[in-house]
Amino acid sequence: VKKLEKKQAIYITIGNLGNAYSSMGNFSKSIVYYEQALAIAKEIGDKQGQGQQLASLGIVYDRLNDYHKAIEYQGQAFAIAEEIGDKRGKGNCLGNLGVAYNNLGDYSKAINYHEQALVIAKEIGDKNSEGHQLSSLGTSYGNLGDYRNAIKYHEQALVIAGEIGDKRGKGNCLGNLGVSYNYLGDYRKAID
């Protein structure tokens, strides 16, 4: 048991190094650490750890604009989250899949994934994720040219950002609302 706990502590530390390098924008180094952490998590049979490292790899590949690889890793992480009954993990993967499909320009698939992630966020009471999914839905609808739906979702996200004190989220929502109103030709509201 001690050896198992030690290996778990090691892969968590290695994964955290991956997080640090990812935060600094050094994605090639973060990939190396995430892959090492994933190998150890597999070796000791830690499914949750495997899912976390796969999801982290997916996020990095999304940031590298390799959306197909991002989708592949998020899909693997989702399968593990589903297998072990990790609702939060499933929701995160669905949201990340939505982001990747949005970046690929497949907005209807993105909307589908964000809607599923939104349902989970509401089920588990994760207001931060709920706001993020609403904002992402607004972005995807905006990319489709459906500015009325974009506004509806950005307004809902704005309310949640205010409730949880997320100033950055609030600013993003207000900016996105301005863009949507601008596209609708309602310049006064866009300026506001």
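The values are calculated or read from the model by the stated rules, or taken from the named source; none is laboratory data. This structure is a prediction, so every number in the text was calculated from the model and none was measured. Here the Cβ is made from the backbone with ideal geometry for all residues, glycine too, and neighbour counts use every protein chain on show. Heavy atoms of the whole protein, side chains included, go into the accessibility calculation; ligands, DNA and RNA do not. Shrake-Rupley method; radii C 1.70, N 1.55, O 1.52, S 1.80 Å.
Here are the numbers:
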{"quantity": "In the range 18-46, the residues that are among the aliphatic types (A, V, I, L, M) and buried (at least 23 other Cβ atoms within 10 Å of the Cβ)", "calculated": "Ala37, Leu38, Ala41"}
{"quantity": "Residues (open to solvent by less than 50 Å² (accessible area, probe 1.4 Å) and in contact (Cβ under 8 Å) with a residue 24 or more places away in the chain) located in the range 148-165", "calculated": "Ala150, Ile151, His154, Ala157, Ile160, Ala161"}
{"quantity": "Selection status of Gly49, open to solvent by less than 50 Å² (accessible area, probe 1.4 Å), more than 30 Å from Tyr181 (Cα to Cα) and in a helix (DSSP H, G or I)", "calculated": "yes"}
{"quantity": "Search result, residues across the range 166-185 that are of a type outside the set (A, V, I, L, M) and open to solvent by less than 60 Å² (accessible area, probe 1.4 Å)", "calculated": "Asp166, Gly169, Gly171, Cys173, Gly175, Asn176, Gly178, Ser180, Tyr181, Gly185"}
{"quantity": "Checklist (1) part of a helix (DSSP H, G or I); (2) open to solvent by 20 Å² or more (accessible area, probe 1.4 Å); (3) over 23 Å from Gln8 (Cβ atoms) applied to Gly95, failing item", "calculated": "(2)"}
